[in-house]
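Peer 1: Before I ask anything, here is the structure I am working with.
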Amino acid sequence: MPSHHHRPESEVALRVKAIESLLVEKGIVDLAALDAIIDTYEHKVGPHIGAQIVAKAWVDPEFKKRLLADGTGAISELGFTGFSSEHMVVVENTPEVHNLIVCTLCSCYPWAILGLPPTWYKSFAYRSRAVIEPRKVLQEFGLEIPEQVEVRVWDSNADLRYLVLPERPDGAEGWSEEDLATLVTRNAMIGAAKVQPPAAADSLVA
Amino acid sequence: MNGPHDLGGMHSMGPIPIEENEPVFHSEWEAKVFAMSFATFVNYFPVDETRHASERMPPGEYLSSSYYERWLYALELLLAEHNLVTPDEIEARIAEFTQADSLID
């Protein structure tokens, strides 16, 4: 195969265009189907889906129990099962344990629940370091995990994907499930952040 | 397979490249590589074969390429191995496009 590295962007773009035109010409893919795939991952699936799962677990203790015992089953109750998220394990952050998800081999990630992973998740730095120095990695995200808190790192694979159930922040007592979901970020569901209390979230926006 | 993809625990990979408000795709070609791979691995070869194909990238190239460049490598490799599109056809189409562009210029 030809060499691919250190190529200018325009060269790669042209190469991709050539492959696309051949695939369309041969009837292997069609343009509308490609656009639909791109639209799905740019606009339809994303962390807002995972946020609904987390918010439901915060307000519904029975659902939370099922979610932690059988992530796949509980998530399918909500109709969120999909490609790349067929087998799910949900791990709970508590005052004693902080969970972090990685895929050391590539980029395994629950697409149907969080969308496509961010670049940092797919980076060589994160893949190599998350498993040997997770606390240092978390510091780079601005997250200091106290020594007495255990850090558990989960290495995803092709068949099994993880979701972190973050701690519900203080200051959102009595909030509806829908409002709670707005507090939950992608990074919190990977374990690279905590869910901020509403006041802090507001001041971040302001 | 003990290849360059087995990165867990490797040293000296530097700081985590955190990007605020990152777009899903950084360019149109990334989106197209994703979509073409998705469309073919749904219909022509299983997703596990795509992953394995990217792991067959020579280590030096693997470690100096971007994420979607590795996907592109896997896509081209599998299109060839499944007799869907040959490397020669791709090079010929690139040459055609390049020539058409130079005529416009």
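Peer 1: For the pair A:Gln148 and B:Ile104, how long in nm is the line joining their label points, each one 7 Å along Cα→Cβ?
Peer 2: Going from the A:Gln148 label point to the B:Ile104 one covers 6.6 nm.
Peer 1: Over all alpha-carbon pairs of the protein assembly as shown, lay out the pair-distance distribution in 10 Å bins, whole %, shortest bin first.
Peer 2: 6, 25, 32, 22, 11, 4, 0
Peer 1: Is the shape of the range A:64-118 rounded, prolate or oblate, going by the alpha carbon gyration tensor and its root eigenvalues a ≥ b ≥ c, with a/c under 1.5 for rounded and a/b larger than b/c for prolate? Walk me through the intermediate numbers first.
Peer 2: Working: a/c = 2.24, a/b = 1.04, b/c = 2.15.
Note, shape of the range A:64-118 comes out oblate.
Peer 1: Placing +1 at every Lys and Arg Cβ and -1 at every Asp and Glu Cβ, with all other atoms neutral, what dipole size does chain B have around its Cα centre, in debye to the nearest 20?
Peer 2: On the way: 5 positive and 19 negative charges, 63 e Å.
It works out to roughly 300 debye.
Peer 1: If you don't mind, there's one more thing I want to ask. Give me the one-decimal Kirkwood hydrodynamic radius in Å for the range A:46-205, with the sum taken over alpha-carbon pairs. Walk me through the intermediate numbers first.
Peer 2: Details: mean 1/r = 0.0635 Å⁻¹.
It works out to 15.8 Å.
Peer 1: Take every residue in peptide B:57-69, count the Cβ atoms of other chains within 10 Å of its Cβ, and give the average of those counts.
Peer 2: Working: counts 3, 4, 0, 2, 5, 3, 2, 4, 5, 8, 8, 3, 6.
That average works out to 4.
Peer 1: What is the calculated FRET efficiency for A:Arg135 to A:Ser10, with r their C-beta to C-beta distance and R₀ = 41 Å, to the nearest 0.05? Mind dumping the intermediate values first?
Peer 2: On the way: r = 41 Å, r/R0 = 1.01.
Calculated value: 0.50.
Peer 1: Another question, then. Can you give the average number of partner chain beta-carbon atoms within 10 Å of each beta-carbon in peptide B:9-21, as a whole number? Walk me through the intermediate numbers first.
Peer 2: Working: counts 8, 8, 4, 4, 7, 5, 8, 15, 9, 11, 3, 0, 0.
Per residue, the average neighbour count from other chains is 6.
Peer 1: Could you check the spin-label model distance between A:His87 and A:Asp155? Points 7 Å from the Cα along Cα→Cβ, value in nm.
Peer 2: Distance between label points: 1.6 nm.
Peer 1: Between B:Glu22 and A:Lys26, what is the label-point separation in nm under the 7 Å Cα-to-beta-carbon projection?
Peer 2: Once both label points are built, they end up 3.2 nm from each other.
Peer 1: To continue, here is another question. Within the range B:53-67, list the residues whose amide N lies under 16 Å from a label point set 7 Å along Cα→Cβ of B:Asn2.
Peer 2: B:59
Peer 1: Let me ask something additional. Dividing the alpha-carbon Rg of chain B by 2.2 N^0.38 Å yields what?
Peer 2: On the way: Rg = 16.4 Å, N = 105, 2.2 N^0.38 = 12.9 Å.
So the Cα radius of gyration is 1.27 times the expected 2.2 N^0.38 Å.
Peer 1: Work out the mean other chain Cβ neighbour count within 10 Å for the residues of B:25-32 and drop it here as an integer. Provide the component values of the computation, followed by the final result.
Peer 2: Details: counts 4, 2, 4, 4, 10, 4, 8, 12.
Averaged over the peptide's residues, the number is 6.
Peer 1: While we're here: If amide H atoms are built 1.01 Å from N in the plane of the peptide, which residues on other chains or at least 5 residues away come under 5 Å of the amide H of A:Val151?
Peer 2: For A:Val151, the qualifying residues are A:His98.
Peer 1: Roll a 1.4 angstrom probe over the protein heavy atoms and tell me the percent of accessible area of the range A:1-112 that is carbon or sulfur. Before the final figure, lay out each step's value.
Peer 2: Details: 2750 of 4860 Å².
Carbon and sulfur together cover 57 percent of it.
Peer 1: How much mean residue ellipticity at 222 nm does chain A get from its helices, if each DSSP H run of length 4 or more adds -39500 (n - 2.57) and you divide by all residues, to the nearest 500 deg cm²/dmol?
Peer 2: Values: 12 runs with 94 residues, N = 206.
Rounded to the nearest 500, it is -12000 deg cm²/dmol.
Peer 1: With a 1.4 Å probe and all protein chains kept in place, how do A:Met88, B:Met10 rank by accessible area, largest first?
Peer 2: These residues rank, largest area first, as B:Met10, A:Met88.
Peer 1: Could you derive backbone 3J(HN,Hα) for the range B:59-64 from the dihedral phi with the Karplus parameters 6.51, -1.76 and 1.60 (θ = phi - 60°), listing whole Hz in sequence and x where the residue is Gly or Pro?
Peer 2: x, x, 6, 3, 7, 10
Peer 1: Per residue of the range B:39-45, in order, report the coupling 6.51 cos²θ - 1.76 cosθ + 1.60 (Karplus, θ = phi - 60°) as ³J(HN,Hα) in whole Hz, putting x for Gly and Pro.
Peer 2: Ordered by residue, 3J(HN,Hα) equals 5, 7, 6, 7, 9, 10, 8 Hz.
Peer 1: Here is a follow-up. What residues have an amide H closer than 5 Å to that of A:Leu165, excluding those fewer than 5 places away on the same chain, when H is modeled at 1.01 Å from N in the peptide plane?
Peer 2: It is A:Val91, A:Glu92, A:Asn93, by chain and number.
Peer 1: In addition: Given a 1.4 Å probe and no ligands, DNA or RNA in the count, how much accessible surface is buried by A and B, both sides, to the nearest 100 Å²? Spell out each step's value before the answer.
Peer 2: On the way: alone 12020 and 7980 Å², together 14500 Å².
Counting both chains, the buried surface is close to 5500 Å².
Peer 1: Placing +1 at every Lys and Arg Cβ and -1 at every Asp and Glu Cβ, with all other atoms neutral, what dipole size does chain A have around its Cα centre, in debye to the nearest 20?
Peer 2: That gives a dipole near 640 debye.
Peer 1: Can you give the accessible area per residue of the range A:46-205, in Å², using a 1.4 Å probe? Intermediate values should be presented prior to the final figure.
Peer 2: On the way: 6770 Å² over 160 residues.
Heavy-atom accessible area per residue stands at 42 Å².
Peer 1: How much FRET efficiency would the formula 1/(1 + (r/R0)^6) give for A:Glu96 and A:Asp35, where r is the Cβ-Cβ distance and R0 is 51 Å, rounded to 0.05? Before the final figure, lay out each step's value.
Peer 2: Numbers: r = 47 Å, r/R0 = 0.92.
Using R0 = 51 Å, I get an efficiency of 0.60.
The values are calculated or read from the model by the stated rules, or taken from the named source; none is laboratory data. The model shown is predicted, which means the values in this text are computed figures rather than measured ones. Heads up, the Cβs are rebuilt from the backbone with ideal geometry, glycines too, and the neighbour counts pull from every protein chain shown. Note: accessible area is taken over every heavy atom of the protein model, side chains too, but ligands, DNA and RNA are not part of it. Shrake-Rupley method; radii C 1.70, N 1.55, O 1.52, S 1.80 Å.
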